[in-house]
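The values are calculated or read from the model by the stated rules, or taken from the named source; none is laboratory data. What you are looking at is a predicted structure, and each value in this text was computed from that prediction instead of being measured. Positions of Cβ are backbone-derived with ideal geometry, glycine not excepted, and every protein chain shown enters the neighbour counts.
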Amino acid sequence: MAQLGFKSTLTAALILSGLLGFITPPSMAQTPAADSPSETSLRPPLKTPAVASPERIKKDKWIAYRLANYVWLDRAAQADPRILAAICEHPGPAKKLAQHRHLDRLADADHYLCRRLTRWHDATQKLIRNKYCDHVIALDPEGIYFAIERDPAVARLLARDPMFNQMVDLNPDLGRVIAQHMK
């Protein structure tokens, strides 16, 4: 590595300090001074991927699967309950949603969740096996009535649920519908 002489070192120092005005490096070019620190220009923010809208979830089954498996889906559903409706448009993601560990909170966000889930046979089976099915059914019993009418085996599965007595106490019509289909 060649050493710089005194003259070249002095010239470089003068250029960097701005005393030699005829040569200014591009990094030292004068920029208009900002009046306050809040007016300084910042780099533009990074582009984040677009958030999946309910319309896009209805069209893309794989986004629906990812959202159905998402642990914090209950928080997202509180912000926009249409997400749950969009996920339930697909049978596979609806089945995964029926297995969700925060199904009670999801039902609080969307009171029609039982109807949406019982639209699909496999999702109905998973809903009945979920420990929060009593809460979901209590918010919207019409969905389970439809499922029992479609398939009487649902009534037998529901009668085996540990919370069945409490469900019938809260909704006597459910007991009547199940009794009609237990033949």
For segment 87-183, please list each of the helices (runs of 4 or more DSSP H) lying entirely inside it that holds at least 2 residues being in contact with a Lys or Arg (Cβ under 9 Å, 6 or more places away or on another chain).
91-98, 103-109, 121-129, 141-150
The lone condition residue 129 fails out of (1) surrounded by 14 or more Cβ atoms within 10 Å (Cβ to Cβ); (2) out of contact with any Asp or Glu (no Cβ under 7 Å at 6 or more places or on another chain); (3) modelled with pLDDT of 90 or more is (1)
If I filter segment 111-122 for residues that are over 25 Å from residue 56 (Cβ atoms), of a type in the set (Val, Ile, Thr) and surrounded by 19 or more Cβ atoms within 10 Å (Cβ to Cβ), do I get at least one hit?
no
Tally, over segment 55-69, of residues that are crowded, with 16+ Cβ neighbours inside 10 Å and either in a loop (DSSP other than H, G, I, E, B) or at pLDDT below 90 (or both)
2
